[in-house]
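These notes are about the structure you will find just below.
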Amino acid sequence: MSHLIAPSMLSADFGNLQRDVNMINKSEADWFHLDVMDGVFVPNISFGFPIIKYIKQFAQKPLDVHLMIVEPERYFEEFKNAGADILSIHYEASRHLNRSINAIQNLGMKAGVVLNPHTNISLLEDTISILDMVLIMSVNPGYGGQKFIENSYSKISKLKELIIKKNASTLIEVDGGVTLENSTKLIEAGADVLVAGNTVFSSSNPNETISKLKNKH
């Protein structure tokens, strides 16, 4: 499959949210990426259920929801009801990872696990075959517009090797500092899904930027 593009709504204009949702609907983007932050797991607070429900009303593409929160398992059902199609939780925030993955999938969502920059790929050895997706954070989570961590390329390659070794069909998503300049290298390393916030929404022509990201090889 060709790679997917998931613009991050954290960088959208919340005063014109419906306009930005419609722009993504009409673009070559594949998913909406939504970052939920609680101010505890990460040093920032973003948005919760009302915003997700609002976006779901107008979105014509899947909602890819990334939970940067403690005890994410308390809210799986609520995120499903709010409109999440893909739900990703942090390895570092989940005490019973297998149970959480199963719970997400049993609710009819795709399940993803997120790794912070310092978390080793080898920790997924036992769960990779049941995961729909792994999200590699290529910046420290909590804020948009951060500088890309160069070690991310080798981390993506190692994850790809693990997926192939385990004969899994897990997707690799990358979030943080994704630009038109590094996107080709990320795809070559093994990325299947590119999350781009700042790159898309600070562009003078977001639609064209999405198209350029989508058509990188």
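The values are calculated or read from the model by the stated rules, or taken from the named source; none is laboratory data. Please read all numbers here as calculations on a predicted model, not as lab measurements. Ideal geometry is used to build each Cβ from the backbone, glycine not excepted, and the neighbour counts take in all protein chains shown.
Looking at segment 35-70 only, could you name the residues that are assigned to a loop (DSSP other than H, G, I, E, B) and closer than 19 Å to residue 140 by Cα? Across segment 35-70, the qualifying residues are 39, 40, 41, 42, 43, 44, 46, 47, 69, 70.
In segment 89-108, which residues are within 14 Å of the chain's Cα centre (by Cα) and closer than 11 Å to residue 76 by Cα? Within segment 89-108, 89 is the sole residue that qualifies.
On the stretch given as segment 21-50, residues that are out of contact with any Pro (no Cβ under 8 Å at 6 or more places or on another chain) and more than 25 Å from residue 92 (Cα to Cα) total 6. When the residues of segment 153-177 are filtered to those that are touching a Ser or Thr at 6+ places or on another chain (Cβ under 6 Å) and at pLDDT 95 or above, the one that is nearest to residue 3 (Cα to Cα) is 174. Here segment 116-131 is the region considered, the condition is being surrounded by fewer than 16 Cβ atoms within 10 Å (Cβ to Cβ) and among the polar types (S, T, N, Q), and the residue that is nearest to residue 67 (Cα to Cα) is 120.
Can we say residue 34 is buried (at least 22 other Cβ atoms within 10 Å of the Cβ), touching a strand residue (DSSP E or B) at 6+ places or on another chain (Cβ under 7 Å) and at pLDDT below 95? Taking the combined requirement at face value, the residue does not satisfy it. Could you list, ordered by first residue, the pairs with Cβ atoms under 7 Å in which the first is in segment 194-208 and farther than 13 Å from residue 179 by Cβ and the second is polar (S, T, N, Q) and not in a helix (DSSP H, G or I), at least 6 apart or interchain? So the pair list comes out as 207/27. For segment 16-30, the set of residues classified as of a type in the set (D, E, K, R), in a helix (DSSP H, G or I) and under 18 Å from residue 62 (Cβ atoms) consists of 20, 26, listed by residue number. Going residue by residue through segment 85-95, is there one that turns out to be polar (S, T, N, Q) and in contact with a Phe, Trp or Tyr (Cβ under 8 Å, 6 or more places away or on another chain)? No, segment 85-95 contains no residue that is polar (S, T, N, Q) and in contact with a Phe, Trp or Tyr (Cβ under 8 Å, 6 or more places away or on another chain).
Within segment 169-191, residues that are more than 20 Å from residue 9 (Cβ to Cβ) have Cβ atoms under 9 Å from residues that are at pLDDT below 95 and among the basic types (Lys, Arg) in these pairs: 184/216; 186/216; 187/216, counting only partners at least 6 apart in sequence or on another chain.
Only one of the numbered conditions (1) crowded, with 19+ Cβ neighbours inside 10 Å; (2) over 26 Å from residue 165 (Cα atoms); (3) out of contact with any His (no Cβ under 7 Å at 6 or more places or on another chain); (4) hydrophobic (A, V, I, L, M, F, W, C) is violated by residue 113, and that is (2).
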